[in-house]
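Notes for the one structure printed next.
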Amino acid sequence: MKLLRRLAALLLVSLLLVPLALLAGSVGPADVASALADERALRALGVSLRTALASLLLILVLGTPLALWLSRATGRTARVVEACVDLPVLLPPAVAGVALLSAFGARGPWVALFGSDASLAFTSAAVILAQVFVGSPFYVRSATEAFRTVDAESLLVARSLGAGPWRAFREVGLPATAPALAAGATLSLARALGEFGATLIFAGSLMGRTQTLPLAIYAALEDDLGLAVALSLLLTLTALALLACVRLLVRSA
Amino acid sequence: HAAFDSGRTVSRRRMLSFLPAAAMGGLGCSPSGRLTVGAASSLTEAFLAMDGTETDYTFAGSQVLRRQVEGGAPLDAVALADEAHTRELEDAGLVQDVRAFAQAAVVLAVRADSPITRFDELPNANRIILGTRSVPLGRYTRRILERASSDRGAAFGDGVMTRVVSEEMNARLVRARLLSGDAEAAFLYAPDLAQMPPLRRVPIPSAYAETATYFCALVSAGMRQAQALRWQRSLDLPEQRARRTALGFHDEQRGRAAAGPA
């Protein structure tokens, strides 16, 4: 029994680690350097960084008030909204792409309201919307949980000492929840950076405009497998670097 | 330096062996049974209408099918939409009995409600979709645009390219973007435009025109060679030719001598 258990664990761990090790092993620094010299890689990296950071900003700005409300509200509406916020985690990204296209594409209500020039399909905004769609639940969920743990009394004390609601949140609530917020933001950023299916469907793939690193990997599979492998490593390094930045920022804050 | 190069080649080959296999998705690798044919997406109706019920088709961009054959995917025959990808496979010894069997004109299609009526108005299109640089449709399209640019000036080609919003991986995805209304103009194969009321054909000046030639070939490592040969021959049957003609294909105009000894 013990042996079987260990074997099962070993199998799963190898499935997780061996392909990544092979990926890292099959490309040398020289390959990554030559991939970086490729125009496609540089422009995809630019698109990825721009859109993922914009998505993260949107998620923080829109997600924090939502999480605050979800953590304080007790009504049925709040529970329903909380369940809905989690929905994108369960949905396949392809479904998200089709849904976004129906909402903001040529046949959607957005275009009906604002005219065909306002269609968001194939724009940078489409890339960002897709990333916010799939990425935001991670931040909102962990921020909601974190805000729930903040002692309501200490916030009240802060306010009774004359602090406004925002200052009480900033000086009492935020420090206590920072690690959880950072963890949530990190997950959201990673998910945004890796977004593929919804972006491909909703934003299309055009070098320098909507082609993010994951889309560039997919495109490179067609004609330059070496580039695809190097790009994969580049995306891994980019994700690690961004995640390190988020952690550092939070620690210093 | 040489050692580094060979190391890279090996690692690439290793990647080649599993990446396309992963991309094959539902294709099983049962050694016996049904014939499996990989075909350019624009051949979907032409092939699905064939009587051979004993055949499984997988439709994709020709460049994807080429990668699958290179990666050892369990295909018995392929039908690709250009000579370049077919020749690459033939030169690598991966396919044999290469033969051109049909052609299709590359046409400019716009949404029926588009104000565009002439080819030289193409830079006015709001959103244009192209095929990628690897997919045959994308290659034919770029040749048309190159000719138009060298004739009308580079501003024409640049004007078109600034209106391009996405590059799609096969001819059917290009058409889908046009049918959904998310794009205004795209280059398509003539059969893909036939009987599509939301779309309208804009004539391409004959000096720029391109015609796609479809090639079929047997995969050398295929498990069902006799069946594959029978399938390839069935493409020449009068009823198959008539079916393709009805769909908007036409018969190949020129013979092609297979390169190399059989």
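The values are calculated or read from the model by the stated rules, or taken from the named source; none is laboratory data. The structure displayed is predicted, hence computed values, not measured ones. Using ideal geometry, Cβ is built from the backbone for each residue, glycine included, and neighbour counts are taken over all protein chains shown.
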Residue in segment B:180-196 that is modelled with pLDDT of 95 or more, part of a helix (DSSP H, G or I) and within 14 Å of another protein chain (Cβ to nearest Cβ) present: no
Residue check for A:Ser26: surrounded by 16 or more Cβ atoms within 10 Å (Cβ to Cβ) and closer than 27 Å to A:Cys245 by Cβ: no
Residue ranges of helices (runs of 4 or more DSSP H) in segment B:41-99 with at least 1 members over 20 Å from B:Leu247 (Cα atoms) and within 14 Å of another protein chain (Cβ to nearest Cβ): B:62-70, B:83-91
Test: residue in segment B:76-91 that is at pLDDT below 95, surrounded by fewer than 19 Cβ atoms within 10 Å (Cβ to Cβ) and of a type outside the set (A, V, I, L, M, F, W, C): no
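Just to be sure before I move on: is A:Val85 under 26 Å from the mean Cα position of the chain (by Cα), under 30 Å from A:Phe169 (Cα atoms), more than 14 Å from chain B (Cβ to nearest Cβ) and part of a helix (DSSP H, G or I) in the structure I sent? Break it down into steps so the answer makes sense when it comes.
Working: under 26 Å from the mean Cα position of the chain (by Cα): yes; under 30 Å from A:Phe169 (Cα atoms): yes; more than 14 Å from chain B (Cβ to nearest Cβ): yes; part of a helix (DSSP H, G or I): yes.
Criteria met by A:Val85.
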Search result, residues across segment B:205-225 that are among the β-branched types (Val, Ile, Thr) and within 20 Å of B:Ser149 (Cβ to Cβ): B:Thr211
Counted residues, segment B:189-200 - those being of a type in the set (Lys, Arg) and more than 12 Å from B:Leu178 (Cβ to Cβ): 0
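One line per residue, one yes/no per condition, for (1) without any contact (Cβ under 8 Å) to a residue 40 or more places away in the chain; (2) of a type in the set (A, V, I, L, M); (3) under 30 Å from B:Arg243 (Cβ atoms); (4) in contact with a Phe, Trp or Tyr (Cβ under 7 Å, 6 or more places away or on another chain):
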residue	(1), (2), (3), (4)
B:Ser150	yes, no, no, no
B:Asp158	yes, no, no, no
B:Arg163	no, no, no, no
B:Leu179	yes, yes, yes, no
Residues located in segment A:7-43, provided they are away from chain B (no Cβ under 12 Å), closer than 14 Å to A:Leu237 by Cβ and over 25 Å from the mean Cα position of the chain (by Cα): A:Ala33
Top-ranked residue in segment A:52-79 [being among the hydroxyl-bearing types (Ser, Thr, Tyr) and within 25 Å of A:Ala241 (Cβ to Cβ); ranked as surrounded by the fewest Cβ atoms within 10 Å (Cβ to Cβ)]: A:Thr64
Among the residues listed as A:Ala130, A:Ala121, the single one being in contact (Cβ under 8 Å) with a residue 40 or more places away in the chain, surrounded by 23 or more Cβ atoms within 10 Å (Cβ to Cβ), part of a helix (DSSP H, G or I) and not acidic (Asp, Glu): A:Ala130
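From the list B:Arg118, B:Arg133, B:Arg177, B:Arg152, exactly one residue is within 14 Å of chain A (Cβ to nearest Cβ), among the basic types (Lys, Arg) and surrounded by fewer than 17 Cβ atoms within 10 Å (Cβ to Cβ). Which is it?
Numbers: B:Arg118 fails: within 14 Å of chain A (Cβ to nearest Cβ); B:Arg177 fails: surrounded by fewer than 17 Cβ atoms within 10 Å (Cβ to Cβ); B:Arg152 fails: within 14 Å of chain A (Cβ to nearest Cβ).
Going through B:Arg118, B:Arg133, B:Arg177, B:Arg152 in turn, just one is within 14 Å of chain A (Cβ to nearest Cβ), among the basic types (Lys, Arg) and surrounded by fewer than 17 Cβ atoms within 10 Å (Cβ to Cβ): B:Arg133.
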Helices (runs of 4 or more DSSP H) wholly inside segment A:147-253 that include at least 2 residues being more than 14 Å from chain B (Cβ to nearest Cβ) and among the hydrophobic types (A, V, I, L, M, F, W, C): A:152-160, A:165-168, A:174-194, A:225-252
Segments classed as helices (runs of 4 or more DSSP H), wholly inside segment A:1-79, with at least 2 members that are within 23 Å of A:Gly135 (Cα to Cα) and modelled with pLDDT of 90 or more: A:39-72
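To keep it simple, each residue is scored yes or no on (1) touching a Lys or Arg at 6+ places or on another chain (Cβ under 6 Å); (2) under 20 Å from A:Glu195 (Cα atoms); (3) in contact (Cβ under 8 Å) with a residue 24 or more places away in the chain.
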position	(1), (2), (3)
A:Leu4	no, no, no
A:Leu22	no, no, no
A:Ser26	no, no, yes
A:Pro29	no, no, no
A:Ala54	no, yes, yes
